[in-house]
Amino acid sequence: QVQVEESGGGLVQAGGSLRLSCVVSGRILSSHVMGWFRQAPGKEREFVAHITWGGGSTYYADPVKGRFTISRDNAKNTVYLQMNSLKPEDTAVYYCARNNVGSWTYWGQGTQVTVSA
């Protein structure tokens, strides 16, 4: 069974940086896509970024473009989210997920990111 686990969240001041990590159990195929999502208090979960496992193609939601970078280490089954120039509105629980046949099927437990003003 596929398991996903995020880490690296914490408390940071506005303008600071954090790097989140996501380790996925088992083998990740080149056709798979890994993504980051977040859910702020009182809001629905929203897409942040994704990366294709085989080619490393990336895609970002507009609010994080130019500030966040998604990357992966295929040998370690790990995906990262480097978050720079953090803003209070980035405060959320961040989730890592792997897609399956076009839908986001496997999810981690989430890691809290809090950005103070």
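Which GluC sites (Glu not before Pro) from the stretch 1-78 combine a DSSP loop assignment with at most 13 other Cβ atoms within 10 Å? Those that pass, being in a loop and sparsely packed, are Glu44.
Positive-end ranking of Asn84, Val48, Asn74 along the dipole of the stretch 39-96, with charges on Cβ about the Cα centre, is headed by Asn74. Restricting the stretch 1-47 to trypsin sites (Lys or Arg not before Pro) that sit in a DSSP loop and have at most 14 other Cβ atoms within 10 Å of their own Cβ leaves Arg27, Lys43. Given +1 at the Cβ of Lys and Arg, -1 at the Cβ of Asp and Glu and no other charges, the dipole of the chain around its Cα centre is 180 debye to the nearest 20. Convex hull volume per residue, computed on the Cα atoms of the chain, equals 93 Å³. Within the shell of other residues whose beta carbon sits under 15 angstrom from the beta carbon of Ser30, the net charge comes to +2, with Lys and Arg scored +1 and Asp and Glu -1. Between the beta carbons of Val101 and Phe47, assuming R0 = 25 Å, the FRET efficiency works out to 0.90 to the nearest 0.05. Would you list which lysines come within 24 Å of Lys76, measuring only between C-alpha atoms, while excluding same-chain residues fewer than 8 positions from it? Correct list for Lys76: empty, as no lysines qualify.
Listed by chain and number, the aspartates and glutamates placed with their C-alpha closer than 14 angstrom to that of Lys43 are Glu89, Asp90; residues fewer than eight positions away on the same chain are left out. Just the protein heavy atoms count here, and of the accessible area of the stretch 1-104 at 1.4 Å, carbon and sulfur take up 46 percent.
The values are calculated or read from the model by the stated rules, or taken from the named source; none is laboratory data. Fair warning: this is a prediction, and the values are worked out from it, not measured in the lab. Cβ atoms come from the backbone with ideal geometry, glycine included; neighbour counts cover every protein chain shown. Ligands, DNA and RNA are stripped out before the accessible areas are found, and what is left, the full protein with its side chains, is counted by its heavy atoms. Shrake-Rupley method; radii C 1.70, N 1.55, O 1.52, S 1.80 Å.
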